[in-house]
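Here is the structure we will look at.
The values are calculated or read from the model by the stated rules, or taken from the named source; none is laboratory data. Only a predicted model underlies this, so the values are computations on that prediction, with no experimental measurement involved. Here the Cβ is made from the backbone with ideal geometry for all residues, glycine too, and neighbour counts use every protein chain on show. Only protein heavy atoms, including side chains, enter the accessible area calculation; ligands, DNA and RNA are left aside. Shrake-Rupley method; radii C 1.70, N 1.55, O 1.52, S 1.80 Å.
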Amino acid sequence: FSAALPSLASGILFYVRAYAINSVGVAYSSLDSFRIRTVVQFTAIGNHSWTCPAGVDSVELLVVAGGGGGGFQVGGGGGGGGLVYIPKFGVSSGQSYSVVVGAGGLGGPNEPTPAQNGGNSSFSNILAIGGGRGSNWNMNVNNGGNGWPGGSGGGGSGNSNNFNGSGGLSNQQVSFGAYLNVGKGNAGGNGWANQWAGGG
């Protein structure tokens, strides 16, 4: 059989069990419990706040930072924003929590002006680092441009003097309780000087 349970409030712990009645008497199933899951998203860039509803003592948390901007012309690609996922993050009913949504970094508009790193994002004290910017293609005549560190490193680039640039390193690393090194990204790719190509 099935039974509809309409209009249940989110965040409250409900208990349920089935039963059957016949000429012998009443038999009950084992007791089960559940909560109605509510998804709250913050996608607009900037500062926000979230107040924990009554009856909620933990949330499943996903924090994603902005990606880095790509380098000018044939420069390196921007690194992806850092990501932190915590399956059970403790919260307190009625408490307000700060939320920051980081923007993606702008690409390099011209050779002297570098691209921008991605903006950091956070929930309370949990921080995701923005992606590293990609290098402009000819920032240094004796070296290809190097990508910058970030949640994932930005790509390096080569240059017209046949020098390679290195990809930026990842510096996204979070330790929270039993969750160690969550959200660590990868380094950006190196540039390729022969064709002035940029790493991803």
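The order of the peptides 25-36, 124-135 by mean Cβ neighbours within 10 Å, most packed first, is 124-135, 25-36. Per residue, the range 37-82 exposes 55 Å² of solvent-accessible protein surface, assessed with a 1.4 angstrom probe and all protein chains in place.
Extending 7 Å from the Cα toward the beta-carbon at both Leu13 and Ser58 defines two label points whose distance is 1.1 nm. Here the extension length gained between Ser92 and Arg37 equals 18.1 nm, from 0.36 nm per residue of separation less the Cα-Cα distance. In a fully extended conformation the segment linking Glu111 and Ser124 would gain 0.9 nm over its present Cα-Cα distance, using 0.36 nm per residue.
Counting every alpha-carbon pair across the range 33-140, the share separated by more than 16 Å comes to 62%. If you wrap the tightest convex hull around every Cα atom of the range 30-89 and split its volume per residue, you get 128 Å³. Computing the accessible area with a 1.4 Å probe over protein heavy atoms, can you report the carbon and sulfur percentage for the range 21-145? The value for the range 21-145 is 53 percent carbon and sulfur by accessible area. Considering only Ser98, Ser49, Tyr28, and ranking their Cα positions along the charge dipole of the chain that arises from unit charges at the beta-carbon of Lys, Arg, Asp and Glu, the one farthest toward the positive end is Tyr28.
Compared with the alpha-carbon gap, the fully stretched path from Val26 to Phe1 is longer by 7.4 nm at 0.36 nm per residue. Seen from every direction in turn and averaged, the convex hull around the alpha carbons of the chain projects onto 15.9 nm².
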